[in-house]
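The values are calculated or read from the model by the stated rules, or taken from the named source; none is laboratory data. A quick note: this is a predicted structure, and the numbers were derived from the prediction, not measured. Using ideal geometry, Cβ is built from the backbone for each residue, glycine included, and neighbour counts are taken over all protein chains shown.
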Amino acid sequence: MDILLMIKAAILGVIEGVTEFLPISSTGYLILSADVLDFWSKDKRDLFIVLIQLGAIFAVIYEYFGRLYHAFLGLVIGKAEGMDKPRQLGINLIVATIPVMAMGLLLADKIGVLFHPLLVATMLIVGALLIIYVERNPSPIVAHKAETITMKTAIAIGLCQCLALLPGTSRSGATIIGGVYFGVSKKAATEFSFFLGIPVIIGAGLLDVLKYHHVLSSGQDWLVLIVGALVSFVVALFGIRWLVAWVADKDLMLFAYLRIVTGLVVMIAYFVFGYHLDG
């Protein structure tokens, strides 16, 4: 057993668990970190980066199982404990997922060519500027809970999620900031973003497993993946609770500044050291 490889997988699991739900592009940080760690071969690394996100998304399912269960009941039978509009959340998650699923399937074979350092750095900085703009120009809050988001707003958030197909954008960043811009409270937008990630990340993971499972050729390969996913799950549990507590009474400017710093570092690495990303 390659202990060093397991340690690297665990480190990447920590990075995924910390960054998945923050508006800073978890995939970007995973790719950069995997490069720095010289982690695995390219084909195995690419699959690992997609599948490790399953650990984080199962943390959402665990943390919000009760609400997700009631949302499912509301969608199926029209009744759910504690929900005034029992079908609303389930329907909204479906309609908000359709745009990115459609775009992802259409562009699946073309996304890899977008992994260029300048594009990643640019999207990190553009995302930061959007965070700053929304924070400094707050919209009136019309939805205080994820369950009270209107279908029109859910579709708008779903379209914002399509921007996450561009490397460096951040799925959670696009959906949280999009939600806040359209009048959703930060806490509700954050929770809706959590829920919206479930079908997207699980769908992407299953699709990649079906297409590329052959690259995992040994028991050790699968063990590396399991270690990364388990660490991601545990760390993400704390990350989810921390982020919900943070957005309850603080702004998102910290993440904007972090995106700008990271974007500038990537630009310097590209222009000065000739750094390239393997997409």
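Laid out as a table, the results:
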quantity	calculated
Number of the exception - K211 against (1) part of a helix (DSSP H, G or I); (2) surrounded by 13 or more Cβ atoms within 10 Å (Cβ to Cβ)	(2)
First in the range 247-269 and part of a helix (DSSP H, G or I), second anywhere and crowded, with 18+ Cβ neighbours inside 10 Å and aromatic (F, W, Y), Cβ under 9 Å, 6 or more apart	T262/Y29
Residue in the range 256-270 that is surrounded by fewer than 15 Cβ atoms within 10 Å (Cβ to Cβ), at pLDDT 95 or above and either more than 18 Å from I31 (Cα to Cα) or touching a Leu at 6+ places or on another chain (Cβ under 7 Å) (or both) present	yes
Those residues of the range 137-148 which are at pLDDT 95 or above and among the hydrophobic types (A, V, I, L, M, F, W, C), in sequence order	I141, V142, A143
Residues of the range 148-196 satisfying the condition of being of a type in the set (G, A, S), touching a Lys or Arg at 6+ places or on another chain (Cβ under 9 Å) and either crowded, with 22+ Cβ neighbours inside 10 Å or part of a helix (DSSP H, G or I) (or both)	A164, G168, S170, G173, G179, A188, S193
All positions within the range 76-128 that are over 19 Å from the mean Cα position of the chain (by Cα) and over 23 Å from A146 (Cβ atoms)	L106, D109, K110, V113, H116, P117, L118
The range 222-255: number of residues that are buried (at least 18 other Cβ atoms within 10 Å of the Cβ), over 23 Å from I177 (Cα atoms) and not polar (S, T, N, Q)	8
Candidate set from the range 197-208 (those that are of a type outside the set (G, A, S) and under 15 Å from the mean Cα position of the chain (by Cα)); member that is surrounded by the fewest Cβ atoms within 10 Å (Cβ to Cβ)	I202
Matching residues in the range 87-107 - criterion: being under 14 Å from A204 (Cβ atoms) and either aromatic (F, W, Y) or touching a residue at least 60 places away in the same chain (Cβ under 8 Å) (or both)	T97, V100, M101, M103, G104
Selected residue (criterion: farthest from the chain's Cα centre (by Cα)) from residues of the range 26-35 that are modelled with pLDDT under 90 and hydrophobic (A, V, I, L, M, F, W, C)	L32
Qualifying residue in the range 37-54 (condition: part of a helix (DSSP H, G or I) and among the small types (G, A, S))	no
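For (1) touching an Asp or Glu at 6+ places or on another chain (Cβ under 8 Å); (2) modelled with pLDDT under 90; (3) surrounded by 17 or more Cβ atoms within 10 Å (Cβ to Cβ), each residue gets a yes or a no:
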| residue | (1), (2), (3) |
| --- | --- |
| E16 | no, no, yes |
| E20 | no, no, yes |
| L47 | yes, no, yes |
| A59 | no, no, yes |
| G82 | no, yes, no |
